[in-house]
Amino acid sequence: MLQNKHHAPVWHGQPIVLVGLMGVGKSTVGRRLAARLDLPFVDADSEIEAAAGMSIADIFERFGEEYFRDGERRVIARLIDGTPKVIATGGGAFINEETRTLILDQALAVWLNANPRILADRVRRRDTRPLLRGRDPGEVLTALAQTRNPFYALAPIHVSSQQAPHEATVAAIIKALGLPLNGEPVPNSENE
Ligand code: S3P
């Protein structure tokens, strides 16, 4: 379930940044993790949409992926302000070298990992993701896993979200952070 390669990085109050492929549950897990730790939660994709005043699909369509990545980099840099919080990032954020360096230097990155075939079944329910539109999600996610997993693996904390319910994934993260597993259960979330 859990790998923590260096056995060291216990949380010191820096922002906790969730990275990993589309559909792995970064937003849902992040929201629940934040509630358990009594921290603010922020979704980088939603912040980008708010800053641009349009949906991610529209940003991709009107301005292209490169423009989106630039906005994503700037928004994440703004969100990583040294205060304790949980940040869910879009699946491509940690692949951008500048964004990744910032996260690795100034936050604590947690890779939520799952088999791309399982993710494909989850993402089929929504067609808001521009990289999946009109394409087979299984093929896209398998290809993305191949190119992106080596980058995600640079995160100091790895947690599998494979078949586990979100609450088990949250517990695994809390354990990896070196925090006690007490606290009230987190209410259900509607998103992702
Ligand atoms: C993307 C993932 C999306 C969103 C955009 C691009 C990616 O976020 O940022 O569609 O490159 O993997 P989620 O991972 O939250 O779906």
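The values are calculated or read from the model by the stated rules, or taken from the named source; none is laboratory data. Everything quoted here is computed from the prediction, not taken from an experiment. Note: ideal-geometry Cβ built from the backbone for every residue, glycine included; neighbour counts use all protein chains shown. What goes into the accessible areas is simple: the full protein's heavy atoms, side chains included, and nothing from ligands, DNA or RNA. Shrake-Rupley method; radii C 1.70, N 1.55, O 1.52, S 1.80 Å.
Starting from the Cα-Cα distance between residue 104 and residue 57, subtract it from 0.36 nm times their residue separation and give me the gain in nm to one decimal.
Separation in residues times 0.36 nm, less the Cα-Cα distance, equals 14.2 nm.
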When all C-alpha to C-alpha distances in the chain are sorted into bins of 5 Å, what percent of pairs does each bin hold, rounded to whole numbers?
1, 8, 17, 21, 23, 16, 9, 3, 1, 0
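Taking only protein heavy atoms into account and a 1.4 Å probe, give the accessible area per residue of the stretch 61-192 in Å². Could the numbers behind the result be given before it?
On the way: 6980 Å² over 132 residues.
Heavy-atom accessible area per residue stands at 53 Å².
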Can you compute 3J(HN,Hα) from phi for each residue in the stretch 107-113, using the Karplus curve 6.51 cos²θ - 1.76 cosθ + 1.60 with θ = phi - 60°, rounded to whole Hz and x for Gly and Pro?
9, 10, 8, 10, 8, 8, 10
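Which whole-number percent gives the relative contact order of the chain, counting Cα pairs below 8 Å spaced six or more residues apart?
Working: 300 pairs, mean separation 70.4, N = 192.
Relative contact order here is 37 percent.
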Hey, got the dipole for the chain? About the Cα centre, +1 on K and R Cβ, -1 on D and E Cβ, debye to the nearest 20?
440
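Shape call for the stretch 93-179 from the C-alpha gyration tensor, a ≥ b ≥ c root eigenvalues: rounded (a/c under 1.5), prolate (a/b greater than b/c) or oblate?
Taking the square roots of the gyration eigenvalues as a ≥ b ≥ c, the stretch 93-179 is oblate.
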Protein accessible area in the chain, 1.4 Å probe - carbon and sulfur %:
50
Calculated FRET value between residue 139 and residue 179, using beta carbons and R₀ = 45 Å, to 0.05:
0.70
Calculated FRET value between residue 127 and residue 78, using beta carbons and R₀ = 30 Å, to 0.05:
0.55
Given Cβ charges of +1 for Lys and Arg and -1 for Asp and Glu, the option among 153, 79, 16 whose Cα lies farthest towards the positive end of the dipole of the chain is 153
